[in-house]
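Right, one structure below, let's go through it.
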Amino acid sequence: MQSPAKTNIFNLANLLSIIRVFLSIPFVFILEEHSLVNNSDTAWKVFFLLFLIVLSDVLDGYVARKMNQISNLGKLLDPIADKICLVIVMVFLIFDQGLPFLLFFLLLSIRDVYIIIIGLYLIHVQNIVFQANKSGKYFMAVTTLMMASFVFRDTFNLSINVCWLLYVISLIFMVISGYEYHYRYIKYFNRISPEDKEV
């Protein structure tokens with residue numbers, strides 16, 4: 001039986017991830033328009049595009065599992081597409097909110113660079129790709145909600161306290177997911193180390 005990681009990479013699940021990458025292009029311009037105009041019309045444009053991005057994120061994982069379309073490419077494309085969209089909003093919020101989101105961006109960059117470096121090593125040396133852990137998915141969900149609350153705060157008169165509460169919760173999930181990735185990598189390397197010593 002063919003391994004799921006070896007299935008055809010040209011499938012619906014990967015197409016959904018690629019669509020999410022391309023959705024980031026109009027997302028940049030719509031966010032810029034919203035920052036300049038900031039009315040209900042531009043807010044709904046941002047909301048609609050954000051909804052499509054989140055929907056594609058949910059669907060690509062569902063399709064991959066249900067249609068047995070899990071592949072190494074898909075495991076890489078999914079988080080890359082997420083990060084592209086995340087960074088676009090993050091840059092917007094750095095200019096809008098300043099230091100707190102710069103700090104968030106730096107912490108996220110440190111976490112992701114570590115995960116990417118280890119992940120690339122595992123792909124090229126060990127020929128293995130880890131899927132995103134559950135806490136990482138929760139982190140993305142909470143962070144999306146948090147960033148949306150800041151983007152739409154003025155338009156829909158959202159409480160700033162709720163926005164900052166979501167910010168703190170998002171930071172907590174960032175730390176938890178980063179630790180779980182680290183623990184999973186350490187556990188994997190400890191498991192293979194006796195074999196390496198025999199070689």
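Keeping all protein chains in place, calculate the accessible area per residue for region 23-67 (probe 1.4 angstrom), answer in Å².
Numbers: 2780 Å² over 45 residues.
Accessible area per residue, region 23-67: 62 Å².
Among the listed pairs K137/K187; K66/K134; K66/K187, give every one whose C-alpha distance is greater than 26 Å.
On the way: K137/K187 21 Å; K66/K134 18 Å; K66/K187 29 Å.
The answer is K66/K187.
What are the ³J(HN,Hα) values, in whole Hz, obtained from phi via the Karplus relation 6.51 cos²θ - 1.76 cosθ + 1.60 with θ = phi - 60°, for each residue of region 144-151 in sequence order, with x given for Gly and Pro?
Residue by residue, region 144-151 yields 4, 5, 4, 5, 4, 5, 6, 5 Hz.
The values are calculated or read from the model by the stated rules, or taken from the named source; none is laboratory data. Note that this is a predicted model, so its numbers are computed, not measured. Please note that ligands, DNA and RNA were not included when accessible areas were found on the heavy atoms of the full protein model with its side chains. Shrake-Rupley method; radii C 1.70, N 1.55, O 1.52, S 1.80 Å.
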